[in-house]
1. Diagonalise the Cα gyration tensor of segment 15-124 and give the resulting equivalent ellipsoid semi-axes, square root of 5 times each eigenvalue, largest first, whole Å.
2. Which value, in debye to the nearest 20, describes the size of the charge dipole of the chain about its Cα centre when Lys and Arg Cβ atoms bear +1, Asp and Glu Cβ atoms bear -1, and nothing else is charged?
3. Which value, in Å², gives the accessible area per residue of the chain when a 1.4 Å probe is used on the protein heavy atoms?
4. Taking amide hydrogens as modeled 1.01 Å from N in the peptide plane, which residues meet the under 5 Å criterion relative to Arg71, leaving out close sequence neighbours?
5. Give the cross-link partners of Lys42 among the lysines, using a straight C-alpha distance below 24 Å as the criterion and excluding same-chain residues fewer than 8 apart.
6. So which lysines can Lys75 reach, going by Cα to Cα under 22 Å and dropping same-chain residues fewer than 8 places off?
7. May I ask you to give the percent of accessible area on the chain that is carbon plus sulfur, with a probe radius of 1.4 Å?
Amino acid sequence: VQLQASGGGLVQAGGSLRLSCAASGRSFSSRAMGWFRQAPGKEREFVAAISWKGGSTRYADSVKGRFTISRDNAKNTVSLQMNSLKPEDTAVYYCAATHAGSLMSTASSAYAYWGQGTLVTVSS
């Protein structure tokens, strides 16, 4: 499974960005997907996750109500809509996929495949 994240960039505080992650390989619709981020000098942290068919989602408290994760299994893509961005959202954002059949999780260790990351910079 290969993951390619895109959509990062520079945005002012209060603005919006939409990240996308395209997956290649088999069994996308039976893999939970997640987004994580890593700010400079900090540990990688969970942002959002979505179940196989998109019926269940989870969010970090810091982004709840501002970010929305979604997926399109027909197109093998997962997206992260980010609204009301804050400077503290500045980070490299990574999409991740579990092994086929695994449940979504907030733990990075649950994810077997990772994209290369896309940088989001929010200016104040």
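1. The equivalent ellipsoid of segment 15-124 has semi-axes of 22, 14, 12 Å.
2. 280 debye
3. 50 Å²
4. Here the answer is Ser79, since their amide H atoms fall under 5 Å of that of Arg71.
5. Straight-line reach from Lys42, under 24 Å: Lys64, Lys86.
6. Lys53
7. With neighbouring chains kept in place, the figure for the chain is 47 percent.
The values are calculated or read from the model by the stated rules, or taken from the named source; none is laboratory data. Just so you know, these numbers come straight off a predicted model, no measurement behind them. When we count neighbours, we look across all protein chains shown, and the Cβ atoms used for this are built from the backbone with ideal geometry, even at glycine. These area figures cover heavy atoms from the full protein model, side chains too; ligands, DNA and RNA do not enter into them. Shrake-Rupley method; radii C 1.70, N 1.55, O 1.52, S 1.80 Å.
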